[in-house]
Amino acid sequence: MSVHQRLLAAVAVALLTATSACSNDEQVPAEEVDITTAPQDLTWRNVSGLEVPTSREDGPARTSPPQGYSNTPQGAALAAANGQAALATAPDSTWPDVVRTVTTPGPGRDQWAQARVLMSVSGAVDESVAPTFSGFKVTEYTPEKAIVLLATTTPPPAGEQHPLLTAYPVQLAWTGADWKLVLPTQNDDVDAAEIDSLEGFTTWDEDD
């Protein structure tokens, strides 16, 4: 199994289709919130071989496990990326604390925990083949919930020339004064979709 496949397998149950998150609740109109600007004061930190975006302004305020985000679209985007990385790389000794910290309770989290027991994760991902977080698109947002489409780039496999650019949706809820991932059940048919470019996405570094 490739590094990309391992990453997706580890976090697949943390993804949710945008249609499953729709509701009749009143939402803040998109024009009233800034959903396209990158987080301010952005830096990158290495998490077991994965480069993960971190903002002094929008979070996470603490990184082990990641938590403490601003109640903004930028905070939600950072929570999506940091939460995915944490779930994918947490070693056997710490994953129970990680999943409790970065996700909301529910049947999806219970199923994720059951699946994680059957896996063993240790060490770091080889940085030469590790996927990177390339950009994000906030497709739905209110102060209580958000859906963030995360774009990742994976180096080309042996024999291929072009890197693989994919995107997948992450649902989050503002609970316990923080953004947390809402894990779907295994019945949700979710997978990363290949995309041609980052058009329409916000890159993490504003200068990109």
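The values are calculated or read from the model by the stated rules, or taken from the named source; none is laboratory data. Note that the structure is a prediction, hence the values are computed from the model and not measured. Note that we place each Cβ from the backbone using ideal geometry, even for glycine, and neighbour counts take in every protein chain shown.
Key figures for this structure:
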quantity: Scan of the range 181-194 for residues that are out of contact with any Phe, Trp or Tyr (no Cβ under 8 Å at 6 or more places or on another chain) and either part of a strand (DSSP E or B) or surrounded by fewer than 19 Cβ atoms within 10 Å (Cβ to Cβ) (or both), ordered by number; calculated: L181, T185, Q186, N187, D188, D189, E194
quantity: Condition met for G106 (at positive phi and surrounded by fewer than 15 Cβ atoms within 10 Å (Cβ to Cβ)); calculated: yes
quantity: Selected residue [at pLDDT 90 or above and in contact with a strand residue (DSSP E or B) (Cβ under 7 Å, 6 or more places away or on another chain)] from A167, A177; calculated: A167
quantity: Top-ranked residue in the range 128-152 [being hydrophobic (A, V, I, L, M, F, W, C) and in a loop (DSSP other than H, G, I, E, B); ranked as surrounded by the most Cβ atoms within 10 Å (Cβ to Cβ)]; calculated: A130
quantity: Scope the range 47-75; condition closer than 16 Å to D205 by Cα and not acidic (D, E); matching residues; calculated: V52, P53, T54, S55, R56, G59, P73, Q74, G75
quantity: Top-ranked residue of the range 167-176 - restricted to ones that are surrounded by fewer than 21 Cβ atoms within 10 Å (Cβ to Cβ) and touching a residue at least 40 places away in the same chain (Cβ under 8 Å), ranked as farthest from A81 (Cα to Cα); calculated: T175
quantity: Criterion (of a type in the set (A, V, I, L, M) and part of a helix (DSSP H, G or I)) met by exactly one of V121, V125, V99; calculated: V99
quantity: Tally, over the range 54-88, of residues that are crowded, with 24+ Cβ neighbours inside 10 Å, closer than 20 Å to P131 by Cα and more than 10 Å from the chain's Cα centre (by Cα); calculated: 1
quantity: Residues of the range 32-53 satisfying the condition of being part of a strand (DSSP E or B), touching a strand residue (DSSP E or B) at 6+ places or on another chain (Cβ under 6 Å) and of a type in the set (A, V, I, L, M); calculated: L42, V52
quantity: Test: residue in the range 108-121 that is aliphatic (A, V, I, L, M) and closer than 25 Å to D196 by Cβ; calculated: no
quantity: Condition met for P155 (under 18 Å from the mean Cα position of the chain (by Cα) and surrounded by 14 or more Cβ atoms within 10 Å (Cβ to Cβ)); calculated: no
